[in-house]
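J.: Take a look at this one; I'll ask things after.
The values are calculated or read from the model by the stated rules, or taken from the named source; none is laboratory data. As the structure is a prediction and not an experimental result, all values here were calculated from the model. Because the Cβ atoms are built from the backbone with ideal geometry, glycine has one as well, and the counts that use them run over all protein chains shown.
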Amino acid sequence: MINSTVLVGRLTKDPELKYSQGGVAICRFTLAVNRTFKTQDGKDADFIQIVCFNKQAENVSNFLSKGSLAGVEGRIQTGSYDGQDGKRVYTTEVIADSVQFLEPKRQDGQTPQQNQQNYQRQDNDPFQNTGAPIEVSDEDLPF
């Protein structure tokens with residue numbers, strides 16, 4: 001049997017780091033993952049609960065924040081518990097084996113996404129309307 005998932009999305013809020021009684025770091029966060037199809041209102045997203053442990057949990061808590069782009073590899077796990085009102089509550093979450101930080105954290109704490117409106121392109125496009133044809137001989141081709 002195979003139980004494997006790969007997700008790329010943005011955190012909906014800052015990760016929550018806690019420690020178990022045995023000292024194991026546990027970090028929970030929600031990842032918003034865009035769907036491949038659009039609804040009438042525009043893009044739609046799924047909000048997926050992610051759990052990671054140990055050093056990975058501490059790294060996520062220290063380096064990711066709301067809006068950060070992250071990639072997660074892991075497995076889907078379902079569970080249930082009795083809620084405060086006595087009803088059965090069912091859960092589905094991804095237990096992360098690996099969390100990749102997909103954009104650098106800036107010194108001011110903002111991610112590049114959050115400061116994107118201030119971005120100005122500094123270089124010129126080298127392929128923009130050069131006008132001259134490119135000469136290629138048979139000797140230039142590798143086959």
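J.: Could you look through region 31-62, keep only residues that are acidic (Asp, Glu) and loosely packed, with under 15 Cβ neighbours inside 10 Å, and pick out the one that is farthest from Val6 (Cα to Cα)? Spell out how you get there, then give the answer.
T.: From region 31-62, those acidic (Asp, Glu) are 41, 44, 46, 58; that's our starting set.
Imposing the further condition that a residue be loosely packed, with under 15 Cβ neighbours inside 10 Å reduces the set to 41, 44, 46.
Numbers: Asp41: 26, Asp44: 18, Asp46: 14 Å.
Residue satisfying both the conditions and the ranking: Asp41.
J.: Here are some residues: Ser80, Ser65. Which one is touching a strand residue (DSSP E or B) at 6+ places or on another chain (Cβ under 8 Å), at pLDDT below 95 and surrounded by 17 or more Cβ atoms within 10 Å (Cβ to Cβ)?
T.: Among Ser80, Ser65, only Ser65 is touching a strand residue (DSSP E or B) at 6+ places or on another chain (Cβ under 8 Å), at pLDDT below 95 and surrounded by 17 or more Cβ atoms within 10 Å (Cβ to Cβ).
J.: Run Ala57 past the list (1) of a type in the set (A, V, I, L, M, F, W, C); (2) assigned to a strand (DSSP E or B); (3) closer than 14 Å to Ser98 by Cα and report the number of the one that doesn't hold.
T.: For Ala57, the failing item is (2).
J.: Output the number of residues of region 14-30 satisfying the condition of being out of contact with any Asp or Glu (no Cβ under 8 Å at 6 or more places or on another chain) and either assigned to a strand (DSSP E or B) or surrounded by 11 or more Cβ atoms within 10 Å (Cβ to Cβ) (or both). Walk me through how you get there before you give the answer.
T.: Going through region 14-30, the residues out of contact with any Asp or Glu (no Cβ under 8 Å at 6 or more places or on another chain) turn out to be 14-16, 18-24, 26, 30.
Those still in the list that are either assigned to a strand (DSSP E or B) or surrounded by 11 or more Cβ atoms within 10 Å (Cβ to Cβ) (or both) too: 14-16, 18-19, 24, 26, 30.
So the answer is 8.
J.: Sticking with this structure for a sec: Select, from Gly86, Gly79, the only residue that is more than 25 Å from Pro104 (Cα to Cα) and part of a loop (DSSP other than H, G, I, E, B). Give the steps one after another, and end with the answer.
T.: Values: Gly79 fails: part of a loop (DSSP other than H, G, I, E, B).
Only one candidate passes the filter, namely Gly86.
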